[in-house]
Amino acid sequence: MNKSRRSSRRRSPSIRSHESIDYKNTTLLRRFVSEQGKILSRRMNRLTSKQQRLVATAVKRARILALLPFSNNEN
């Protein structure tokens, strides 16, 4: 009973078909990073495992190129 209720619920995709996962697309990547600067899990992002891997590498590249901060500590 609980299982059928879970499958009938439709979620909206977090990445639309026209959006590309790229390290230069910082507005998209900021949606997948927490307030502390951590990459959010696949469940919270509602991504497939392939999309999560692409997001993780894109965030890491953006951090190295100083497009995204490593941490958002504002003390």
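The values are calculated or read from the model by the stated rules, or taken from the named source; none is laboratory data. No experiment lies behind these values; they were computed from the predicted model shown. Glycine gets a Cβ as well: all are built from the backbone with ideal geometry, and neighbour counts include every protein chain shown. Heavy atoms of the whole protein, side chains included, go into the accessibility calculation; ligands, DNA and RNA do not. Shrake-Rupley method; radii C 1.70, N 1.55, O 1.52, S 1.80 Å.
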Per residue, how large is the accessible surface of the stretch 26-65? Use a 1.4 angstrom probe and give square angstrom.
70
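Test of the criteria: in the stretch 13-75, which trypsin sites (Lys or Arg not before Pro) are in a DSSP loop and have at most 16 other Cβ atoms within 10 angstrom of their Cβ? Provide the component values of the computation, followed by the final result.
Working: sites: Arg16, Lys24, Arg30, Arg31, Lys38, Arg42, Arg43, Arg46, Lys50, Arg53, Lys60, Arg61, Arg63; in loops: Arg16, Lys24, Lys38, Arg46.
Here the trypsin sites (Lys or Arg not before Pro) that fit, given the DSSP loop and packing criteria, are Arg16, Lys24, Lys38, Arg46.
Between rounded, prolate and oblate, where does the stretch 26-65 land on the alpha carbon gyration tensor, with a ≥ b ≥ c its root eigenvalues, rounded for a/c under 1.5, else prolate if a/b exceeds b/c?
Numbers: a/c = 1.95, a/b = 1.28, b/c = 1.51.
It is oblate, given that a/c is not under 1.5 and a/b is not larger than b/c.
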